[in-house]
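Just below is one structure, and these are the notes that go with it.
The values are calculated or read from the model by the stated rules, or taken from the named source; none is laboratory data. None of the values given here were measured: they were computed from a predicted structure. Backbone-built Cβ (ideal geometry, glycine too); neighbour counts: all protein chains shown.
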Amino acid sequence: MPADAVPSAKDRAEGYVTEIGYTFDYHPRTNPLYMRLALRRAGLEPPSVAQACELGFGQGVSLAIHAAAGSARWVGNDINPDHVRHARGLVEAAGVAADLHAESFVDFAARTDLPSFDFIVLHGIWSWVSDGNRAAIVDFVGQRLRPGGVLHVSYNALPGKAAMEPLRHLVVQHARQADKGEGIVPRIDRAIDFAARLLATNPAYLQDTPGLARSFDTLKDADRRYLAHEYFNRDWRPMHFAEVAAHLAAAGLVFAGPAGYSGAVESLLIEPAQQAMLDGIDDPVLRETVRDFLLNRGFRYDYWIKAPVERDAGDGLRDERIVLVADKPALPFEVRAPLLLRGKGPPDATVSAVLDLLSDRRARSLAEIAASLGGQASLADIADVAELLLGQDLVGAAQSDREAEAARGATDRLNARLLDGFEPGAGRRALASPLLGGGLTVSRDEAGLLRGAQPGDPGMTRLRSLMIA
Ligand SMILES: C[S@@+](CC[C@H](N)C(=O)[O-])C[C@H]1O[C@@H](n2cnc3c(N)ncnc32)[C@H](O)[C@@H]1O
């Protein structure tokens, strides 16, 4: 390449796949509202989010939904120009301002015209880019996240992903060796077919690796766009929690807590002797390492914070609102049974009482819920129930009615566009919910209902409370 030539996106991507676009999924953990509740749950003061940034926003579905449904102003980058075009189309349709750059992490980190951010998110980036890009991301976060600000990062975690490394190596090696210049999807298909035939011969690696057959079964039928971006980049680097902690410490960040609400259910899986060991560990990094070991986690979603301020856990939590989002307000049997049998977690009667109360689909603060249940449960009990229900996607965090009302015009405009783009064969897709300040995943049937929504349509109850009322 001549010295003065501008490198293509493919060259600048340093081995990251650019020839095929990514999926159109929505990621709730990148929602500032979702983060706020999780931080409060962890006893930390969440930042108020006016400026937010998504690094590597993909098709931009999450970013556009948050820009339309919430009150933060969003900035972001992605190296793939097709992704950026799609994301710009969504924010323009919503009629909201967002600042989207078709740039690599390295170029984006070198910018001098960006504000300080209260919230920076990166989902599906950390394990899949080169060391140089990871360093640029850490540098960016160190420079651009304000004190008290929060980072969300997800990644392939060890030890859970360790057994996949040889399988990933195998399919990538096959895809490279069999490259006949026919494009990435046929190469992936043939590599998966090759791996399936190899595993069918019952190799010793399969015999010695419980769980590998199940992982491969999931992988072999996965969306090829997902597989291309998950396994077929040059870099694929699962990490131990302590390694990520060391990288982020260089940007001044400490662990704030898991970005999610699966803790209540996870704690049911941990045996008493294991819990006793966990309880004896003071160092938060070693404790998380041991938890990952106990649960064999293969993926982590976390929040990290710069210069945290600790709060009494009850402070602020009392005003957080939740609303029913599920069709059927019932805890799945696999969660309810261990709760009942082990006596760990919130009492079954309190869980049922909260679900009953929320079945009118009105958003309520945790304090309001506690008051409605009389003396039956404390605010702390209600917070435990809320965590359990959030972890099961039965409820979502809700913003105030005033904020929801303010978002309504932009979410309606964005939803019209998202509904148009419901491609044939698409399963579930996210739309923007003004009440959730974020996305609500709906089925094709529900999307059909929304297109021709009549006030009396059966099946509209859930949608009306979250999208229309
Ligand atoms: C697995 S996708 C995740 C996309 C999005 N965050 C999501 O979860 O839907 C990774 C994204 O990172 C982008 N990407 C990869 N390497 C990059 C780089 N060096 N600079 C900027 N973006 C990059 C890709 O184009 C892709 O959109």
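Note on the range 27-72: residues that are polar (S, T, N, Q) and over 28 Å from Arg318 (Cβ atoms) total 2. Residues that are out of contact with any helix residue (DSSP H, G or I) (no Cβ under 7 Å at 6 or more places or on another chain) and either within 10 Å of the ligand (Cβ to nearest atom) or free of Cβ contacts under 8 Å to residues at least 24 places away in the same chain (or both) within the range 111-123 comprise Arg111, Thr112, Asp113, listed in sequence order.
The residue that is modelled with the lowest pLDDT, among those in the range 139-174 that are crowded, with 21+ Cβ neighbours inside 10 Å and β-branched (Val, Ile, Thr), is Val171.
Filtering the range 230-246 down to residues that are in a helix (DSSP H, G or I) and aliphatic (A, V, I, L, M), which residue is surrounded by the most Cβ atoms within 10 Å (Cβ to Cβ)? Restricting to residues being in a helix (DSSP H, G or I) and aliphatic (A, V, I, L, M), the top hit is Val244.
Where in the range 247-339 are there strands (runs of 3 or more DSSP E), lying wholly inside it, with at least 3 residues that are within 19 Å of the chain's Cα centre (by Cα)? Lay out the reasoning, then the answer.
On the way: elements: 253-258, 299-306, 321-324.
Answer list for the range 247-339: 253-258, 299-306.
Report yes if Gly345 is farther than 27 Å from Pro32 by Cβ and free of Cβ contacts under 8 Å to residues at least 12 places away in the same chain, otherwise no. For Gly345, the condition - farther than 27 Å from Pro32 by Cβ and free of Cβ contacts under 8 Å to residues at least 12 places away in the same chain - is not met.
Among the residues of the range 152-172, those identified as part of a loop (DSSP other than H, G, I, E, B) and in contact with a helix residue (DSSP H, G or I) (Cβ under 8 Å, 6 or more places away or on another chain) are Leu158, Pro159, Gly160, Ala163. Return a yes/no flag: does the range 99-107 have any residue that is charged (D, E, K, R) and not in a helix (DSSP H, G or I). Yes, because at least one residue in the range 99-107 is charged (D, E, K, R) and not in a helix (DSSP H, G or I). Annotation note: of Phe194, Phe108, Phe119, the sole residue that is more than 20 Å from Asn31 (Cβ to Cβ), crowded, with 19+ Cβ neighbours inside 10 Å and at pLDDT 95 or above is Phe108. Scanning the range 64-88 for residues that are among the hydrophobic types (A, V, I, L, M, F, W, C) and under 13 Å from Tyr22 (Cβ atoms) returns Ile79, Val84, Ala87.
For the range 341-370, enumerate the residues that are aliphatic (A, V, I, L, M) and surrounded by 14 or more Cβ atoms within 10 Å (Cβ to Cβ). Show your work before the answer.
Our first condition is that a residue be aliphatic (A, V, I, L, M); within the range 341-370, this holds for 341, 349, 351, 353-355, 357-358, 363, 366-367, 369-370.
Scanning the range 341-370 gives Val351, Ala353, Val354, Leu355, Leu357, Leu358, Ala363, Leu366, Ala367, Ile369, Ala370.
Selection of helices (runs of 4 or more DSSP H) fully inside the range 1-95 by the criterion of at least 2 residues being at pLDDT below 95 and either among the charged types (D, E, K, R) or away from the ligand (no atom under 15 Å from the Cβ) (or both) returns 9-12, 32-41.
Taking the range 287-342 as the range and being small (Gly, Ala, Ser) and touching a strand residue (DSSP E or B) at 6+ places or on another chain (Cβ under 8 Å) as the test, the residues that pass are Gly298, Ala307, Ala326.
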